[in-house]
Amino acid sequence: EPMIESVNTSLYHDSPDGRFMTLMYAVLDRPARQITLVSAGHDPIIVYDPDTDEFFEIEGHDLPLGVEPSWEFTETVHKDLPPRALLLFGTDGIWECRQPNEGEMYGKEPLYELIRKNHDRPAEHIVKQIIDDLNAFKGGKDEPQLDDITVVVARLVPEDNTSA
């Protein structure tokens, strides 16, 4: 947390009033099936358990960087991740993606369905499917993108499976 607090203080003093940045710092410990994170106002991690077909979110509770210069960030540890969990780290530009002319938002349900259908595919494939689906939703890749879209997919694999 001291590193994030240092970045926060610097960003607060170097940024124009009202400007801030979200950040997620996470360490995934596969053998222990746990994730340790510091979330500076970032969206939650979406976790899918393919064995139970259930989703849940892991979130931090800190302010974005640059809002309060003396904020003390906290580390959150989430234990007992499902043995074959798929984790999606993403920005709100995914679920808040809009159809042209401020139309309907994409939302999380289509994202959940996409993860459900592709959970056993390589992470690269899942990311590509998400980007393709968002482009189709907003009317094509040439339509303007109103918010950043960042997505990372990670998964736990059984310890005896070193090929994944």
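The values are calculated or read from the model by the stated rules, or taken from the named source; none is laboratory data. Since we're looking at a predicted model, the values are computed, not measured. Cβ atoms come from the backbone with ideal geometry, glycine included; neighbour counts cover every protein chain shown. Keep in mind that these areas ignore ligands, DNA and RNA; they rest on the heavy atoms of the full protein, side chains included. Shrake-Rupley method; radii C 1.70, N 1.55, O 1.52, S 1.80 Å.
Give the percent of DSSP beta bridges with both residues in the stretch 4-85 that are antiparallel, rounded to the nearest 5.
90 percent
Hey, what do the phi angles of the stretch 99-105 turn into as Karplus ³J(HN,Hα) couplings, whole Hz, using 6.51/-1.76/1.60 and θ = phi - 60°, x for Gly and Pro?
Values per residue, Gly and Pro as x: 5, x, 6, 6, x, 4, 7 Hz.
Give the cross-link partners of residue 138 among the aspartates and glutamates, using a straight C-alpha distance below 18 Å as the criterion and excluding same-chain residues fewer than 8 apart.
List returned: 92, 96, 102, 104, 109, 113, 147, 148.
How much accessible surface does residue 151 have with a 1.4 Å probe, in Å² rounded to 10?
20 Å²
Per DSSP H run of at least 4 residues, take -39500 (n - 2.57); add these up for the chain, divide by its residues and hand me the 222 nm value, nearest 500 deg cm²/dmol.
-7500 deg cm²/dmol
Can you tell me the Rg and Dmax of the stretch 7-52, counting just the alpha carbons, in angstroms?
15.4, 47
Could you calculate the FRET efficiency of residue 101 with residue 147 from 1/(1 + (r/R0)^6), where r is the beta carbon distance between them and R0 is 22 Å, rounded to 0.05?
My answer for the efficiency is 0.90.
So what's the stretch 49-134 giving for Rg/Rh, alpha carbon basis, Kirkwood Rh from the mean inverse pair distance?
1.03
Quick check for you: with a 1.4 Å probe and neighbouring chains kept, what is the accessible area per residue of the chain, in Å²?
On a per-residue basis, the chain sits at 59 Å².
Quick check: pseudo-label points 7 Å beyond the Cα along Cα→Cβ at residue 129 and residue 6, how many nm apart are they?
4.1 nm
What are the DSSP H helices in the chain that stretch 20 Å or more along their long axis, judged by alpha-carbon atoms, and whose average Kyte-Doolittle hydropathy comes to at least 0.5?
none
If 121, 19 are ordered by their accessible area, calculated over protein heavy atoms with a 1.4 Å probe, which sequence runs from highest to lowest?
The ordering from most to least exposed comes out as 19, 121.
So what are the ³J(HN,Hα) numbers for the stretch 26-38, from phi and the Karplus equation (6.51, -1.76, 1.60; θ = phi - 60°), rounded to whole Hz, Gly and Pro as x?
9, 10, 9, 9, 4, x, 7, 6, 9, 10, 10, 9, 10
Carbon and sulfur: what percent of the chain's accessible surface (1.4 Å probe)?
Carbon plus sulfur share of accessible area: 48 percent.
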